[in-house]
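Everything below concerns the one structure shown next.
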Amino acid sequence: MCINLFTLQNEQLYMKIMKNTFLASALVLGLGLVSCSKSDDTSAQKAEAARTALQSGTWKIETYSDDGKDETSHYVNLNFTFQSSGAVSVSGDSNTYQGTWRIENEGYDDSRKESEVELYLLFGSPAKLVELSDDWDIDSQTDTRIVLRDESGGDGSVDLLIFQKN
């Protein structure tokens, strides 16, 4: 009888341990899913806010710095209109140019500890607009200003592009 009682107590202890392990695992998994979901939600909200802002009027380039060199003067008279179709129209200098744009939600960047949303710009001509063709990280944004950056090449240099709403 002692052996059976001892075996029964071990089985009950084993079941308690397994139940607690299962509950702890479920809790950790649940917290992980909630934190991923929150980050994804933040990225989605940031992407939608950028999309909405860009489509709500015309924009000009406030600043363009290429590898630390100020190139803003090449873009002074240009106005950018971002259309919901993904087309971007650039007018000024008595010319109109066409390109494409899109916003991509890249999710959460663990190394930077923030949501990563990118603005993709693509132009075929002229050269000064082709220079802007890239995947730009959205650093900050409001309804009237969007700050973009791009780490170019492998040397760690950074390009900066700031759009200001007209």
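Read-outs throughout are calculated quantities, based only on the coordinates presented, and are distinct from any laboratory measurement. Just so it is clear, the model here is predicted, and its values are computed rather than measured. Reconstructed Cβ throughout: ideal geometry from the backbone, glycine too, with neighbour counts over all protein chains shown.
The table for this structure:
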| read-out | value |
| --- | --- |
| Which of ASP139, ASP66 has the fewest Cβ neighbours within 10 Å, and the rest in rising order | ASP139, ASP66 |
| Average Cα contact separation per residue, segment 50-165, under 8 Å, 6 or more apart, as relative contact order % | 25 |
| Compactness relative to 2.2 N^0.38 Å, alpha carbon Rg of segment 50-165 | 1.02 |
| For SER157, residues with placed amide H under 5 Å, excluding near neighbours | SER152 |
| Separation of the SER125 and LYS60 label points, Cα + 7 Å toward Cβ, nm | 2.7 |
| Under 18 Å from LYS46, Cα to Cα: aspartates and glutamates that are on another chain or at least 8 residues apart | GLU104, GLU106, ASP109, ASP110, GLU114, GLU116, GLU118, ASP135, ASP137, ASP139, ASP143, ASP150 |
